[in-house]
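The values are calculated or read from the model by the stated rules, or taken from the named source; none is laboratory data. For clarity, every value in this text was computed on a predicted model and none was experimentally measured. Here the Cβ is made from the backbone with ideal geometry for all residues, glycine too, and neighbour counts use every protein chain on show. Side chains included, ligands, DNA and RNA excluded: accessible areas come from the protein's heavy atoms. Shrake-Rupley method; radii C 1.70, N 1.55, O 1.52, S 1.80 Å.
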Amino acid sequence: MTFEEMDKEYVLHTYNRNYINFKRGENAALFSEDGKDFIDFTSGIGVVSVGHGNGRVADAIYNQAQNITHVSNLFLIEPQAKLAKKIVELSGFDMAVFFGNSGAEANEGAIKIARKYGQNRFKNKRYKVLTLEYSFHGRTITTLKATGQESFHQNAFSPYPEGFSYKNQIKDIYSAIDDETIGVMLELVQGEGGVQAFDKKEIKELAAFLQKNDLLLIIDEVQTGVFRSGEFLACKLYDIEPDIITLAKGLAGGVPIGAVMTKHKDIFTYGDHGSTFGGNFLSTRAGLEVLDILENYHKDGSLKKGIDYFDDKLQQSAKKHPDLFLGKTGLGLMRGLQCKDSGTLSKIIKAAFDNGVLVLKAGRNTVRFLPPLTISKDEINEGFARFEKALDTLK
Ligand SMILES: *Cc1c(COP(=O)(O)O)cnc(C)c1O
């Protein structure tokens, strides 16, 4: 039985997989069993932030695993305490952190904090959370419902929890707030929805309005966070201070982790929330190593250099193919090329794969790029050379 047959027989079919068997990775390069090599412009959907096979993260995980991986949250977990401190310091906000295992779980935590805040602070409980169309917040029943895309609200999984509705644009939010609304949850750059960055002025105005009315601003930084935007948090680029922020994807370099942080540190009390695995020795030790690497990478200017270089290449591709692309979108190392014709999107992704470069799709018409943040100049050059070759085959 081949691994492909095994997968088809024994794994539930929730993904229409590409059956390539990767065996080894090295920063932004991946090598498959059949001897092919790839430049990875996806980093496993924004997860492998410090690259494949990162030696420092591997050593940290190995050393931790040899000692203690897990004792549960009933006891002190030294790397968890350190990682929480590090995240809070890097954010510059006066917040505290809860650790889970995924982005959806972090967002669930955020919604729980918001609902309890809505009960504690208002005479008539406020519980409704407004989100945006084309948002993506996760795959649990609640975060599916929070996701503002009808295609995610399959009837098969109903009934969904109450208390979520969607607006098309930031400016539509104000009139949608009623006396049961507790806050707004959004991504500053919509990832799955099409790599669309919101306007800074609009976001700042919304943040100020919510604060003035004692309502919550929840920023889902599951994809934008952990230096993906060029700063530790995209919030910094938007010059806002939210009430609640969620993180996950790139935080531990591939070890499952999620985090929700808030300035409302007194909302959760003992027993309000929990997780068996969340914040254990293994994931938080990996997270500490990742943040140490990326903090230095940011400080010494390497991250900015990588972002600028990638952006240049992306701009060249967009310019060279006005027949295919409307232009580039996104920021930092979370970028997109918007296709003129959504029919060409899957052809581009397939051609890129056939030419040895991995890219993602976002929304209906965007090629998405989420390379490791540590991608080198040579890897960027090679990746775009392959991408150009792929585009030429579509002519
Ligand atoms: C990926 C993602 C999620 C879901 O994260 P999981 O780890 O898959 O649960 C939530 N929000 C955003 C913005 C994401 O990009």
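Descriptive notes on the structure:
- Shown for the chain: the carbon plus sulfur share of the solvent-accessible area, taken with all protein chains present and a 1.4 angstrom probe, equals 51%.
- Separation of the alpha carbons by more than 18 angstrom is noted, of K201/K236; K112/K265; K116/K200; K112/K263; K201/K249; K340/K361, for K116/K200; K201/K249.
- For segment 1-113, the relative contact order is 12 percent, taking Cα pairs closer than 8 Å that sit 6 or more residues apart in sequence and dividing their mean separation by the residue count.
- Prolate is the label for segment 1-124. Its Cα gyration tensor axes, ordered a ≥ b ≥ c, give a/c of at least 1.5 and a/b above b/c.
- Between K265 and S342, the contour length at 0.36 nm per residue exceeds the Cα-Cα span by 23.2 nm.
- Segment 161-216 shape via C-alpha gyration tensor axes, a/c threshold 1.5: oblate
- For the chain, built as a Gaussian network whose Cα springs stay under 10 Å, the top-fluctuating residue of I219, I141, I244: I141
- Compactness of segment 278-333 is given as radius of gyration and Dmax, 16.9, 51 Å, from Cα positions.
- Estimated distance in nm for a label pair at D308 and K8, the labels positioned 7 Å out from Cα along Cα-to-Cβ: 5.0
- Relative to the longest principal axis of the Cα atoms of the chain, helix 281-299 runs at roughly 70 degrees.
- Rounded, prolate or oblate (a/c below 1.5 giving rounded, otherwise prolate when a/b exceeds b/c) for segment 93-228 by Cα gyration tensor: rounded
- Surface accessible to a 1.4 Å probe, per residue, for the residues of the chain, Å²: 47
- Rg(Cα) / (2.2 N^0.38 Å) computed for segment 58-299, rounded to two decimals: 0.99
- Interatomic Cα distance distribution for segment 173-292, bins of 10 angstrom, percent: 12, 39, 34, 14, 1
- Counting only lysines at least 8 places from K313 when in the same chain, those with an alpha carbon closer than 17 Å to its own are K304, K305, K328, K377, K389.
- Largest-first ellipsoid semi-axes for segment 305-395, taking √(5λ) over the Cα gyration tensor eigenvalues, angstrom: 19, 14, 12
- Between segment 37-64 and segment 167-202, the Cα center-to-center distance that results, in Å: 32
- Relative contact order (%) - criterion: Cα under 8 Å, at least six apart; region: segment 58-299: 30
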